[in-house]
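Asks: To start, I am sharing the structure in question, which I have written as structure tokens.
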């Protein structure tokens, strides 16, 4: 598993930010000009319009993965959401986040417990200049409450639908680091391209992502549509969306459902990715209806531990992509080798 090297420009920008944050609090005339150069910045998103009048120094993030953008750019948030699944050691940090904090020689920020929703008081206590939430499920009420604390960058179109590229773009812009964000996107894209080039057998393979399968009830086939970030990631890996899934995606929904009696609609699925273990694969292969799916019949199934880091990282986020990429591609390549 590899950790990403931040570009020199990003490191330099982060150093400036960190040095200014560690200052005495006295802002010289030249420093003040630098912090407002290029401002105001206006960011339009699904929940409103956010205007920043100067470069934020104290960055807080809420909900899933938004903290990965400042960390990837060398900036340590003053507060961020604790990991509430995929955290195998219970420290509130996913492994790729822990690795980045160690790389930055930084202490763990304040971790917000979002088990029962956003802890607005805890967020306010960190005294942020901006709150990043471009990948989130914020309601309008959540957003309005957070804006009383600091300007908020919400999702561009719909809750939990922001691509990893847009997560970086919107959050980086909210930090006044739009150019560094663009460089980060390009860096990740190049890393993906290089890794995918080592697995030409994946090119064009039609792949679907089954949602959590209930072995006690296989009467329906539940799957993520191409609107979900997990399924959308397949295109980054050179694979394709089956026509059957594409049709379901047109509804705008993030998941679909088909009766097992109509399982022949998935005759165009070559590879299946799902959450589960070998026992689940055995269950699928022994079911008289689901076993008719070519991917199941061929054993071209990638089963991920949905509660562990690898399964969590299958939902691509700015730091997780590098952490999981080689292992994920290897699992997909094993499945592709079984396609007939």
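The values are calculated or read from the model by the stated rules, or taken from the named source; none is laboratory data. If you're wondering where the values come from, they're calculated on a predicted model, not measured in any experiment. Please note: Cβ atoms are built from the backbone with ideal geometry, for glycine as well, and neighbour counts cover all protein chains shown.
Asks: Any chance the range 136-145 includes a residue that's under 14 Å from residue 67 (Cβ atoms), in the same structural domain as residue 58 (by the TED database), crowded, with 18+ Cβ neighbours inside 10 Å and touching a helix residue (DSSP H, G or I) at 6+ places or on another chain (Cβ under 6 Å)?
Replies: There is no residue in the range 136-145 that is under 14 Å from residue 67 (Cβ atoms), in the same structural domain as residue 58 (by the TED database), crowded, with 18+ Cβ neighbours inside 10 Å and touching a helix residue (DSSP H, G or I) at 6+ places or on another chain (Cβ under 6 Å).
Asks: Do we have residue 188 as modelled with pLDDT of 95 or more, in a helix (DSSP H, G or I) and touching a helix residue (DSSP H, G or I) at 6+ places or on another chain (Cβ under 8 Å) here?
Replies: yes
Asks: Please specify each residue of the range 30-84 satisfying the condition of being at positive phi and outside any strand (DSSP E or B).
Replies: Within the range 30-84, 38, 63, 65, 74 meet the criteria.
Residues are listed down the side, and each one gets a yes or a no for (1) surrounded by fewer than 21 Cβ atoms within 10 Å (Cβ to Cβ); (2) under 24 Å from residue 51 (Cβ atoms):
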position	(1), (2)
164	no, no
167	no, yes
205	no, no
216	yes, no
222	yes, no
228	yes, no
254	yes, no
257	yes, no
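Asks: Identify, from the list 72, 60, 83, the residue that is within 26 Å of residue 159 (Cα to Cα), modelled with pLDDT of 80 or more and touching a strand residue (DSSP E or B) at 6+ places or on another chain (Cβ under 7 Å).
Replies: 60 is the lone residue from the list that is within 26 Å of residue 159 (Cα to Cα), modelled with pLDDT of 80 or more and touching a strand residue (DSSP E or B) at 6+ places or on another chain (Cβ under 7 Å).
Asks: Can you give me the ranges of the helices (runs of 4 or more DSSP H) entirely in the range 258-340 with at least 3 residues that are out of contact with any strand residue (DSSP E or B) (no Cβ under 8 Å at 6 or more places or on another chain) and touching a residue at least 12 places away in the same chain (Cβ under 8 Å)?
Replies: 278-286, 309-313, 320-336
Asks: With respect to residue 157, determine if the residue is outside the structural domain of residue 224 (by the TED database), within 16 Å of residue 81 (Cα to Cα) and surrounded by fewer than 17 Cβ atoms within 10 Å (Cβ to Cβ).
Replies: Against the criterion (outside the structural domain of residue 224 (by the TED database), within 16 Å of residue 81 (Cα to Cα) and surrounded by fewer than 17 Cβ atoms within 10 Å (Cβ to Cβ)), residue 157 does not qualify.
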